[in-house]
Every structure is written in structure tokens, then in C-alpha cells.
1. Quick one: compute the contact order of chain B, relative version, from alpha carbon pairs under 8 angstrom and 6+ residues apart, as a percent.
2. What trypsin sites (Lys or Arg not before Pro) does region B:335-384 have in DSSP loop regions with at most 11 other beta carbons within 10 Å?
3. To the nearest 10 degrees, how steep is helix A:160-169 against the longest Cα principal axis of chain A, on a 0 to 90 scale?
4. Near A:I4, within a Cβ-to-Cβ distance under 14 Å, what is the net charge of the other residues, with Lys and Arg +1 and Asp and Glu -1?
5. What is chain B by shape, rounded, prolate or oblate, if you read a ≥ b ≥ c off the alpha carbon gyration tensor as root eigenvalues and call it rounded for a/c under 1.5, prolate for a/b larger than b/c, and oblate otherwise?
6. Skipping prolines and chain starts, which residues have an amide H placed within reach, meaning under 5 Å, of the one on B:I194, given they are 5 or more residues away or on another chain?
7. Express the relative contact order of chain A as a whole percentage, based on alpha carbon pairs under 8 Å and six or more residues apart in sequence.
8. Give me the dipole magnitude in Debye, nearest 20, for region B:6-474 about the Cα centre, with unit charges on the beta carbon: positive for Lys and Arg, negative for Asp and Glu.
Amino acid sequence: MKKIIQTDGRHRKLEGWPLVFTLITTASILVGGLVEFIPLVLVKSNVPVISTVTPFSPLELTGRDIYIREGCNNCHSQMVRPFRDEIERYGEYSKPGETIYERPFLWGSKRTGPDLARVGGKYPDLWHVRHMQDPRSTSPNSLMPPYAWLLEHELDLSKVSTKLARLQLLGTPYSDADVTAAEQSARAQAAAIAERVAADGGPQGIENKEIVALVAYLQRLGRDLKAASAP
Amino acid sequence: MESSPTATATSRSAQPVEIFRYDDQIVRMFVVATALWAAVGMLVGVIIALQMPFWQANLGPYLSFGRLRPLHTNAVIFAFAGNAIFAAIYYSTQRLTKARMFSDLMSRIHFWGWQAIIVSAALTLPAGITTGKEYAELEWPIDIAIALVWIVFAVNFFGTLRMRREKHMYVALWFYIATIVTVAMLHVGNSLAIPVSFLKSYPIYAGVQDALVQWWYGHNAVAFFLTTPFLGLMYYFLPKAAERPVFSYRLSIVHFWSLVFIYIWAGPHHLNYTAIPEWAASLGMVFSVMLWMPSWGGMINGLFTLRGAWHKLRDSVVLKMFVIGITFYGMSTFEGPMLSVKTVNALSHYTDWTIGHVHAGALGWNGFMSFGLIYWLLPRLWRTKIWSDRLATTHFWIGTIGMLLYVMAMYTAGVTQGLMWRAFDETGRLAYPDFMETVIQIVPMYWVRLVGGTLYLVGVLLMIYNMIMTIRSAPKDLPDPAVAVPAA
């Protein structure tokens, strides 16, 4: 050690060789990342498979991209930690196998608002519509910005088929039929949600508005794991 | 200008001399850009700080919190801190290698390319065009532009090292090398994605893998964009400003290598108790705690450089800024390992404590080191005196008070909310089952944070005013400084 770091030591020589210096630096910074990442990809048991976890429907996927666009993940996590208080507050803690189709992952790093990993099915569809329109109408004192434009913007499904195709390429198990029928499937799911919202006394004709996709996505969150625990 | 050094050089020996000029114009450009983006990035910060306690400040889709928050983080990290480190690197590398930058054209491509990337970020993020990955929100065409500009920067930098007239590389250059290599690796590794359209893509990683890659990137963006280049900056500009040699050469070797090796491992501490394998989280935690020592190696080497020169702080706003900067570096690199310990993290994670921690680093270390750098460079680059030393000192105090208010408010908010989330009553039920109760409790702290952040911004505006007045008093003609060295 002393031979290396003394004033005229070996390190002094190294300081005269930028190329060697850069190569050693590169090697030093590669090690940590590789050691942590390679076993994760190679050892399957690191992410145990949950059989009830399935890919998002085309409408849910569209809603998820709206969630990303609006930056919801800046204030809402989707990751219940295995603590008694979190399980009590939100529900079952999150498992590695739950998010295998999530590109990107949306676990979040801040809870300005509550965690959403188990929000699916917690409220009726209409609650979410009202909440986006005016968060204070469902949650007094909320700090959340209103997202009323989601009820006005037309739902764009022109790329949903391409989205499924790209995800299929990355390994998400969509069938070719899923890809072809993506838009049709999204329209059908949107119509069903719009009908429920209208029947509950909410706004009419939201089946071709962005809100319907976001509601579909939010109602999906945590559902797969619940299906697993059902008898 | 150039005749006098030539004359002295030739009179000392009969050896022929070679004259070359440093490119200081590029440094001036980066300095001006640093100040401009500081104002923009921090203004957006103040706006989103207002939006948190006052939702009415969310004005429509383009100016809502969810879209502006990434704009704030990108602007302060990549625009403000980015331009500051480029200014420092271009100024000090030329002097440490006794060479002009390898290519003037590459320097300009780097400068204008980087500014164009920032502008495209400022246009796309409010439009909701985002990958949704923290600190890597920019979509794939901009990511490719970043990679290309970074390559130009790297070629220009290593080209300069190749042309150097000084045999040994000073410690600042080691840190610059680590910065350039690692940022390239992190950016490319984390941004790999498959495009759906021109402005939308999906990452090639999913779920747990994406989380680990993201925080390998996210944590090391802090390490190699906000730490190593600023340490390099410290190693060059602090001894210059203090007129003292660096405290310990050996310490700089030991802490450089341990820092670059250990930092990379620490990423998973951002994912403690989440759905990642236990071993990965524990590994991240252990290396984070180990990281405390090399980090403090840097702090000690910085602060001890001032031994016997502490009295200079009285008159030098540059040294005042540097000392606060290095002290906050020490505090946040102690706090970081502490927060990465699982039991502490269980309380702090997802709360404003993290925001407080980040801002101790960003406002304290990155901000004050950049301000010190700017106040040191201004009179030298524009060949005049700082317009007002008093105004600079006022900036120092306003900035310090603002930062302390900010950080204290966030610590209070974070610990309060963390404790409320986990509180149980005597019957074993959640003491605050309604999430809203825990929010209402900390809203006053959001207002205090707004005051602190605003003060900090006011300080920056004072600096910009001082800078404009200084530049106005500069001579019209600013030729690149000439240097004479013995011809090889």
C-alpha cells in the first residue's frame, strides 16, 4: 500500500498514463453494477412467478401511459412494504412477481398522497371520475391538483396496437390476436366502464374520453394478487 | 499580452518557446448558462413548492405539479449543475494540462448541444412527454442526443489529455475521468428502450429489473454528476482560492479509488423493503454505510486544505461559499448512509425527509460550490473586479438562511408524517387511519419550505444582477490568455 500511495510511488506513475488510468477506473465502476444485476436476471428464484399476474388489457395500458404522462408517480407510490401499519392501511404487501409486465416500474419514491398498489376495487368507478374532476369533492382537504381535462380530452387509441406489439417483442405474453384486436378490446372495456359510471349517476358519454382509460388502470391495481388469494 | 511572457521565458533560457492560448470564451459561455438555468430551475422549484400546500397554483395540464416536478429536477441537475461542472472542467483542465481544449468546434458543439437538450426538456416535460423514470424522464430521441453530445465532450476532454504538456494528472482530472466514463455508462444502460412512436417508448427492463437498473442509475447520477465532478472542482478551485496546497495527496488517492468503487453498489438502498430480493437490498445498505468513509475523506481533504487560512474566510465570499458547500457535503454524506440503514429507512422512505436530504446536498453542496466557482471565475474571466462584494456576501447569507429553513422544514415534515403513518392506538388499530390527517399536519411545513426556497432563489437573482453589472464593467476586448512553455 505504502509503495503505491507515497509521493513517488506507483500511483504517481499511473497519473502519467491517462489511458491506463481510465481503464482501471472503468473496471472499478463496472463491478458493483454487474454483481448486483446479473444474478437478478439469471437466478429465476429472485422473482417468484405468481400465476394470476397477467398483462394489462389494452385500455388499462393506455390508462397507465396517461398516469405516466401526468406524473402521478411523483406523489403516489405503488409499493406496500411488509410492515404491520402499511398492510393495515393499504393491504397485502407487494411481491416481486406482481410487476413483471410493468415497463417502466412505477413503485415511486414519495407518498405525498397515499399508496395506490391496492387501490383497485376499493372505490366505485364513479368515485375515481369525481376525484379526478375535483379531488376535494371526494377527499376534503386533499392537496391533489384537479385533472378535469381527462374528462374532456379524446381518448387516443390509434397507437394501442403498436404498443402491444412492442411489448410482445419485449416478452409480454400478448397473442397476435390480442395485438390485432387491441383497439376493439379497449373500446369494449371503455363502453362497459362508461355505462357503469352513467348508471351510478355520473357524467354521460365518457367512453371516448381519457378518464375512462385511467379509471380502468386504477381499478386494475392490486387485482391480480387478490385473484391469487381467492379460493 | 503575449509579448511579456515570451520575453521572460526566452531571457531565462535560450530554449525556444511555444506560445498557446487557453479558450476562456467557452468557460464564459458555460458560466452565463449556469446562472441563467439556476434561475429557471429554482423558479420552477418555487412554483411546485407553492403547489404543494396551495393546489389552486396548478394551472391546467402544462403547469401541474406532476409535469413540473421533473422539469425542476432536470433543470437544476442537468442544466444548472451540469453547466457549472462544464465551466469548471473547461477552465481547470486547460490549466492542469497546460493545453488548449483539443477542439474549439467540439467545445461549441458540446455547449450548444447541451443547451438544445435542456430546451427540448423544457418543452417536452410540461407537455407530458416523459418516460416516467426519475431523473431520466427525457424520451428516447433526446436520450440519443445526450449520448452524442456526451461523446463529443469525452473526445474533446481525452483529446486534451493526450495533448497535455504536464506529465502527471492532478487529482481533479481523476475525478473528471470518472465522471465522463461513468455518466456515459449509466445513461446508456438505464435509457435502453424500444420506441413506440417518436415521443413514446417502453424500457427493455420490467418490474424488479427496471427498479434496480433505475436506482443504479439514479443513485449514481448523484454520485457521478453531482459528486465526483464537484470534488474535482473542489480540488482545483479551493486550493486556488485559499492559496494553500491540498491537505493530503495520499488521502486523495485512497478516497478517490474507494469512492468510485463503492458508490456504484449503493443504488438498492433506494429500494429498501420493496419487492426486490433481500440480498440486493442488504448489499446496497452495507456499501452505503461503507461509503461514509471515502465521502468524508473528500470533506476532510477539503476543509483541512484551509488549515492556517481560516482567517481568509472573513474577506473572501468564494471561501465562505466553498466552506458551506463542503460542510453540507459532509452532512449529507453522513445522512445518506444513515438513511440507507433499513431501520431508519423504514421511517424516512416516501416522506419529505428524503426531500430534505436531497436539498441539503443540492442547495448546500452543489449550489454553494457552484456559486463559489462563479464568484471566483467572474473577475478572472472578465478581467475586472466583482461589481459588489457586499451583494455577494448578502447572497451568501440569504442563501444559507433559505437553505436551513428549507431543510429543517422538510426534516420536521418527514419525521412527523413517518411517525404518524406507523402509529397505533392502545387497541391496536392505526392511530391515523385517514391518510389526510397526516397531510394536514405537515402543510405548515410546506409553507416554511416555500419561504426557504424563495430566499434561496432571491440569493441567486442577486448573484445574477451582480454578474450582469460585473460583465458590464469588463473591457470590450477579452483575448484568450496566452501561455508560453518551452518548446518540446
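The values are calculated or read from the model by the stated rules, or taken from the named source; none is laboratory data. For clarity, every value in this text was computed on a predicted model and none was experimentally measured. Note that we place each Cβ from the backbone using ideal geometry, even for glycine, and neighbour counts take in every protein chain shown. Calculation scope for accessible area: heavy atoms of the full protein, side chains included, ligands and nucleic acids excluded. Shrake-Rupley method; radii C 1.70, N 1.55, O 1.52, S 1.80 Å.
1. On the way: 718 pairs, mean separation 91.4, N = 488.
The normalised contact order for chain B reaches 19 percent.
2. Numbers: sites: B:K342, B:R380, B:R383; in loops: B:R383.
For trypsin sites (Lys or Arg not before Pro) across region B:335-384 that sit outside H, G, I, E and B with at most 11 neighbouring Cβ atoms in 10 Å, the list is empty.
3. Tilt relative to chain A: about 40 degrees.
4. Numbers: positive: A:K2, A:K3, A:R10, A:R12, A:K13, B:R250; negative: A:D8, A:E15.
Once positives and negatives cancel, what remains is +4.
5. Working: a/c = 1.70, a/b = 1.61, b/c = 1.06.
Prolate.
6. B:Y202, B:I204
7. Numbers: 276 pairs, mean separation 59.4, N = 231.
Value for chain A: 26 percent.
8. Values: 31 positive and 20 negative charges, 400 e Å.
Using Cβ point charges on Lys, Arg, Asp and Glu, region B:6-474 gives about 1920 debye.
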